[in-house]
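First comes the structure, then the notes that go with it.
Values in this text are rule-based calculations from the coordinates and carry no lab data. Note that the structure is a prediction, hence the values are computed from the model and not measured. Backbone-built Cβ (ideal geometry, glycine too); neighbour counts: all protein chains shown.
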Amino acid sequence: MQQQNNDPVYSKHVLEMLTVANEFCHFIEQSEDYSKKNILEFIHKILPMLYLKGILMPSVVVEDSSYNEKYVNEMQWEHVFYAIKNKLKDDDDFWMVQNTGLNEFEPQKHSLSDLIADIYQDMKDFVMLYQQSSVYAKQNAVADFKNYFQNHWGERALKASKRLHELIYQPTRDPFSDENKLGLEE
């Protein structure tokens, strides 16, 4: 038990991340049951928590990479993608100006449902792998999570957060007095 207390895979930050990631995954898996408004509001609130927890994840040394597994397959990813896309309809696709290097900027088209499905995949893989009984599986889960935060889902969370902010708080719209104009009807 003493070893668990000192092992970073059992740290407070990992366990908190596990809780938030699990809540995110559970909600996304049930997104067909929620209104567009509920989906946008939930994701808008939980993405900053995921991002903060991602920053705080400890570095771990993976002693045996053979315990690394992926759980979300293409069919599951597509199910999440289309469930969100069907709720968002015209609000799914958006443009962002991206720095393509050497101070060159160009507009790029993004899909909020694609970003959310990618984040879901990384969260679900983390949750499922971490739940395995082996400490080696937990090491792989935490190491992959930190890597994917830095190189994959972290940037997607920021892009999605920006888009959600625009949808909810557009300056020409008042989300509290006229929700139908916002496209957030129940």
Once both label points are put 7 Å beyond Cα along the C-beta direction, the THR19-SER59 separation in nm becomes 2.7
Scalar couplings 3J(HN,Hα) for the stretch 54-59 by Karplus 6.51 cos²θ - 1.76 cosθ + 1.60 (θ = phi - 60°), nearest whole Hz, x for Gly and Pro, are x, 4, 7, 4, x, 7
With DSSP loop assignment and no more than 11 other C-beta atoms within 10 Å, the GluC sites (Glu not before Pro) in the stretch 26-87 are GLU63
Here FRET efficiency (C-beta to C-beta, TYR169 to ASN6, R₀ 35 Å, nearest 0.05) is 0.20
Those chymotrypsin sites (Phe, Trp or Tyr not before Pro) from the stretch 47-104 that are DSSP loop and have at most 15 other Cβ neighbours within 10 Å turn out to be TYR71
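When averaged across all projection directions, what area in nm² does the alpha-carbon convex hull of the chain cover? If you can, show how the numbers build up before the last one.
Details: hull surface 50.3 nm².
Mean projected area of the Cα convex hull: 12.6 nm².
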Here P(r) for the stretch 77-124, Cα-Cα distances in 5 Å bins, as whole percents, is 5, 22, 21, 18, 15, 12, 7, 1
Farthest towards the positive end of the dipole of the stretch 2-182, among ALA117, PHE42, ASN73 and with Cβ unit charges of +1 on Lys and Arg and -1 on Asp and Glu, lies the Cα of PHE42
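At 222 nm, what value in deg cm²/dmol follows for the chain if DSSP H runs of at least 4 each add -39500 (n - 2.57) and the sum is divided by all its residues, to the nearest 500?
-19500 deg cm²/dmol
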Given 7-13, 110-116, the highest-first ranking by average Cβ count within 10 Å works out to 110-116, 7-13
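Could you please rank ILE55, ILE43, placing first whichever residue has the fewest other Cβ atoms within 10 Å of its Cβ? It would help to have the intermediate numbers written out before the result.
Working: ILE55 12, ILE43 24.
Ascending number of Cβ neighbours within 10 Å: ILE55, ILE43.
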Of 138-144, 17-23, 101-107, ordering from highest average Cβ density within 10 Å down gives 138-144, 17-23, 101-107
Quick calc, the chain, dipole around Cα centre from Cβ unit charges on Lys, Arg (+) and Asp, Glu (-), nearest 20 debye, gives 380
